[in-house]
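S.K.: One structure follows; several queries about it will come next.
The values are calculated or read from the model by the stated rules, or taken from the named source; none is laboratory data. Just so it is clear, the model here is predicted, and its values are computed rather than measured. Because the Cβ atoms are built from the backbone with ideal geometry, glycine has one as well, and the counts that use them run over all protein chains shown.
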């Protein structure tokens with residue numbers, strides 16, 4: 001069982017160096033993410049970070065490092081905040097870049113193992129992976145960090161334009177995060193999520209598989225779509 005669970009979105013605009021012109025607009029979101037990361041670091045020095053990536057299912061060791069240079073600025077991150085900086089992997093997926101970045105901001109020594117799934121991963125496969133990760137976490141204090149965005153279709157300027165189904169989808173996600181409702185996350189429809197561009201669906205269902213056998217308390221720290229993309233920030237702790 002995991003010691004605590006944090007849920008974050010993955011917009012590169014979280015990084016101030018990339019948020020030129022919108023630093024103030026992203027301040028509340030960034031503060032919520034910092035709060036989750038700090039609380040997760042206080043609960044456990046070892047994290048498992050789950051995200052979705054087109055490369056499909058694979059694990060990434062804590063020795064990995066990367067950079068946001070692909071998004072326009074050379075901001076280096078490492079999955080082990082206490083290790084000497086190694087060569088940056090130019091293809092380190094965005095969820096792990098975000099995980100390493102928020103971990104470094106805590107100022108604590110944190111080691112992160114990445115666990116990536118395909119965006120279209122089957123619900124049962126996601127749940128099974130979550131259960132396996134939770135079972136492996138019984139060896140000591142380990143935190144689970146789940147990274148992914150909601151629908152990208154909340155406004156005319158959003159990447160996916162407007163889809164009227166987005167509001168209901170992300171309202172359901174926010175409610176599930178606030179209530180620590182693993183069952184509700186497992187009921188998210190993969191086809192609908194794909195149509196809305198909600199890349200967080202598969203990681204959230206890994207979270208559900210990791211937590212559904214125990215009682216948890218949920219806290220929703222942020223849920224909004226400031227740029228037409230839904231961002232949810234939450235913290236789950238054992239009940």
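S.K.: Tell me yes or no: at least one residue of segment 162-183 is closer than 22 Å to residue 79 by Cα and either touching a residue at least 60 places away in the same chain (Cβ under 8 Å) or not in a helix (DSSP H, G or I) (or both).
M.R.: No, segment 162-183 contains no residue that is closer than 22 Å to residue 79 by Cα and either touching a residue at least 60 places away in the same chain (Cβ under 8 Å) or not in a helix (DSSP H, G or I) (or both).
S.K.: Also: Identify, by number, the condition in (1) in contact (Cβ under 8 Å) with a residue 60 or more places away in the chain; (2) farther than 26 Å from residue 142 by Cβ; (3) surrounded by 20 or more Cβ atoms within 10 Å (Cβ to Cβ) that residue 224 doesn't meet.
M.R.: Of the numbered conditions (1) in contact (Cβ under 8 Å) with a residue 60 or more places away in the chain; (2) farther than 26 Å from residue 142 by Cβ; (3) surrounded by 20 or more Cβ atoms within 10 Å (Cβ to Cβ), the odd one out for residue 224 is (3).
This table checks each residue for (1) outside any helix (DSSP H, G or I); (2) modelled with pLDDT under 95; (3) under 22 Å from residue 218 (Cα atoms).
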{"position": "10", "(1), (2), (3)": "yes, no, yes"}
{"position": "17", "(1), (2), (3)": "no, yes, no"}
{"position": "28", "(1), (2), (3)": "no, no, yes"}
{"position": "33", "(1), (2), (3)": "no, no, yes"}
{"position": "40", "(1), (2), (3)": "no, no, yes"}
{"position": "47", "(1), (2), (3)": "yes, no, yes"}
{"position": "54", "(1), (2), (3)": "yes, no, no"}
{"position": "77", "(1), (2), (3)": "yes, no, no"}
{"position": "84", "(1), (2), (3)": "yes, yes, no"}
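S.K.: Would you check if residue 100 is at pLDDT below 95 and either closer than 25 Å to residue 208 by Cα or surrounded by fewer than 14 Cβ atoms within 10 Å (Cβ to Cβ) (or both)?
M.R.: Judged against the criteria, residue 100 is not a match.
S.K.: Return a yes/no flag: does segment 75-91 have any residue that is buried (at least 20 other Cβ atoms within 10 Å of the Cβ), touching a strand residue (DSSP E or B) at 6+ places or on another chain (Cβ under 8 Å) and closer than 19 Å to residue 198 by Cβ.
M.R.: No, the conditions are met nowhere in segment 75-91.
S.K.: So which residues in segment 86-97 are modelled with pLDDT of 95 or more and more than 11 Å from the chain's Cα centre (by Cα), if there are any at all?
M.R.: Across segment 86-97, the qualifying residues are 92, 93.
S.K.: Only one of these is assigned to a strand (DSSP E or B), modelled with pLDDT of 95 or more and under 28 Å from residue 34 (Cβ atoms): 129, 133, 145. Name it.
M.R.: After ruling out the rest, the residue left standing is 145.
S.K.: Being surrounded by 23 or more Cβ atoms within 10 Å (Cβ to Cβ), at pLDDT 95 or above and closer than 25 Å to residue 58 by Cα: is that true of residue 185 here?
M.R.: yes
S.K.: Restricting to segment 21-61, name every residue that is surrounded by fewer than 16 Cβ atoms within 10 Å (Cβ to Cβ), without any contact (Cβ under 8 Å) to a residue 60 or more places away in the chain and closer than 17 Å to residue 206 by Cα.
M.R.: 58, 59
S.K.: Can you confirm whether segment 84-95 contains a residue that is in contact with a helix residue (DSSP H, G or I) (Cβ under 8 Å, 6 or more places away or on another chain) and touching a residue at least 60 places away in the same chain (Cβ under 8 Å)?
M.R.: yes
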